[in-house]
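The values are calculated or read from the model by the stated rules, or taken from the named source; none is laboratory data. All values reported here derive from a predicted model rather than from experimental measurement. As a convention, Cβ positions derive from the backbone with ideal geometry for all residues, glycine included, and neighbour counts pool all protein chains shown.
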Amino acid sequence: MNKRALLAKGARDGIPIALGYFAVSFSLGIAARNAGLTAFQAMLASLLNNASAGEHAAFTLIGAGAGYLEVALITLIANARYLLMSCALSQKLDSSTPLLPRMIIGFDVTDEIFGVSIAQPGKLNPWYTYGVMLLALPGWALGTYFGVLLGNILPVRLVSALSVALYGMFIAVFMPPARQNKIIAALVVISMATSWLFATVELFHFMSEGIRIIVLTVLISAAAALLFPIKEEVQE
Amino acid sequence: MTRNPYIYILCMAAVSYLIRVLPLTLIRKEIKNRFLRSFLYYVPYVTLAVMTFPAIISATGSVWSGWLGFIAALLLGWMGKGLLPVACTACAVVFLSELILL
């Protein structure tokens, strides 16, 4: 596929991402307003961060008048899973991919863009991810902007329905491979069960949601890698 | 708020960008180690599944509409439908079920 076709494919996959982002970042805008940020400042923060949990945590600390270092630290903790995703994504890129595309893709490694990029057949062509970013970036930033401005005007039912769009996409990414591969299917079930356990049992609540995601991802993936190392041809 | 909001935003942005761009720019070669390759191969599926459940159940106005949207997405995903149809169907199921339930 040429660049334009890849860009278009990415943009099409970017539609549900942008819609879901708009709904999620709209509520993020409300949190930003509560922290004392203007609509422009909140939009700028979203445009430069592209991270729901990280931004939410940072806005909360900003509202509490925390120090700059504390805000940097909470951003690091809440977003640490992106480090893991970027490591996985580095293997999805052809090793000849130059520095500039790597730096552009690195700007918007989110749960969703990571998900759709990793779901591409073969190696990842950066132009596909650019297409997704073309819609996802404004969706996220503008949602935050209007969230600050309009607050609670958007009907609750609409926000409620749109907020499952992102999860629907995650499911569309992992279900087809789970159907093909019994190990992945088992991992999906185990991941959901332990995630539910961590979210329900109070013993685990000393960990934030971001930390729980990292701990479970590392433990389960490492166990799977030890028990079921991939055959060489699986990766290609 | 007595501090400068733009410095706050700069701190957040710098941290967010560095943790994403460093692995992508520093890991230029294909990793040969079989354990690491297997680990990174499984990471996407595990992390997406962990993030989806149980969060999807509490994302909507009612636990039941969340469950219905979740089940609809699982079925369509199993059938191999694309991102857009799965996401839109989940939204529609949640919207319609909340019209009836709430």
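Table for the structure above
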{"quantity": "Among (1) more than 25 Å from A:Thr217 (Cβ to Cβ); (2) surrounded by 16 or more Cβ atoms within 10 Å (Cβ to Cβ) - the single one A:Ile74 does not satisfy", "calculated": "(1)"}
{"quantity": "Of all residues in region B:51-102 being over 30 Å from A:Ser208 (Cα atoms) and of a type in the set (Ser, Thr, Tyr), the one that is farthest from the other protein chains (Cβ to nearest Cβ)", "calculated": "B:Ser97"}
{"quantity": "Residue list for region A:112-167, restricted to those being free of Cβ contacts under 8 Å to residues at least 60 places away in the same chain, assigned to a helix (DSSP H, G or I) and farther than 29 Å from B:Ile100 by Cβ", "calculated": "A:Phe114, A:Gly115, A:Ser117, A:Ile118, A:Pro126"}
{"quantity": "Every pair of residues 6+ apart whose Cβ atoms lie under 7 Å, when the first sits in region A:68-86 and is more than 7 Å from chain B (Cβ to nearest Cβ) and free of Cβ contacts under 8 Å to residues at least 24 places away in the same chain while the second is crowded, with 17+ Cβ neighbours inside 10 Å and part of a helix (DSSP H, G or I)", "calculated": "A:Glu70/A:Leu61; A:Ile74/A:Ala57; A:Ile74/A:Ala58; A:Ile74/A:Leu61"}
{"quantity": "Those residues of region B:1-41 which are aliphatic (A, V, I, L, M), closer than 19 Å to A:Ile118 by Cα and at the interface with chain A (Cβ under 7 Å from one of its Cβ atoms), in sequence order", "calculated": "B:Ile19, B:Val21, B:Leu24, B:Ile27, B:Ile31, B:Leu40"}
{"quantity": "Among (1) among the small types (Gly, Ala, Ser); (2) touching a residue at least 24 places away in the same chain (Cβ under 8 Å); (3) in a helix (DSSP H, G or I) - the single one A:Ala199 does not satisfy", "calculated": "(2)"}
{"quantity": "Pairs, first among the polar types (S, T, N, Q) in region A:36-65, second surrounded by 18 or more Cβ atoms within 10 Å (Cβ to Cβ) and not in a helix (DSSP H, G or I), C-beta under 6 Å, six or more apart", "calculated": "A:Asn50/A:Thr110"}
{"quantity": "Filtered residues of region A:36-74 (kept if assigned to a loop (DSSP other than H, G, I, E, B), under 20 Å from A:Leu149 (Cβ atoms) and of a type in the set (A, V, I, L, M))", "calculated": "A:Leu37"}
{"quantity": "Qualifying residues in region A:77-104 (those that are closer than 16 Å to B:Lys29 by Cα and hydroxyl-bearing (Ser, Thr, Tyr)) - the one surrounded by the fewest Cβ atoms within 10 Å (Cβ to Cβ)", "calculated": "A:Ser96"}
{"quantity": "Pairs, first within 15 Å of A:Val109 (Cβ to Cβ) in region B:1-29, second of a type in the set (Val, Ile, Thr) and not in a loop (DSSP other than H, G, I, E, B), C-beta under 7 Å, six or more apart", "calculated": "B:Val15/A:Thr75; B:Ser16/A:Thr75; B:Leu24/A:Ile105"}
{"quantity": "Among residues of region B:59-94, those that are more than 17 Å from the chain's Cα centre (by Cα) and touching a residue at least 24 places away in the same chain (Cβ under 8 Å), counted", "calculated": "7"}
{"quantity": "Check on A:Arg157, exposed (fewer than 15 other Cβ atoms within 10 Å of the Cβ) and either touching a Leu at 6+ places or on another chain (Cβ under 9 Å) or within 7 Å of chain B (Cβ to nearest Cβ) (or both)", "calculated": "no"}
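Here's the yes/no breakdown for (1) of a type in the set (A, V, I, L, M); (2) at pLDDT below 90; (3) touching a helix residue (DSSP H, G or I) at 6+ places or on another chain (Cβ under 8 Å):
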residue	(1), (2), (3)
A:Ser52	no, yes, yes
A:Ala58	yes, yes, yes
A:Val71	yes, yes, yes
A:Thr75	no, yes, yes
A:Gly106	no, no, yes
A:Tyr128	no, no, yes
A:Val132	yes, no, yes
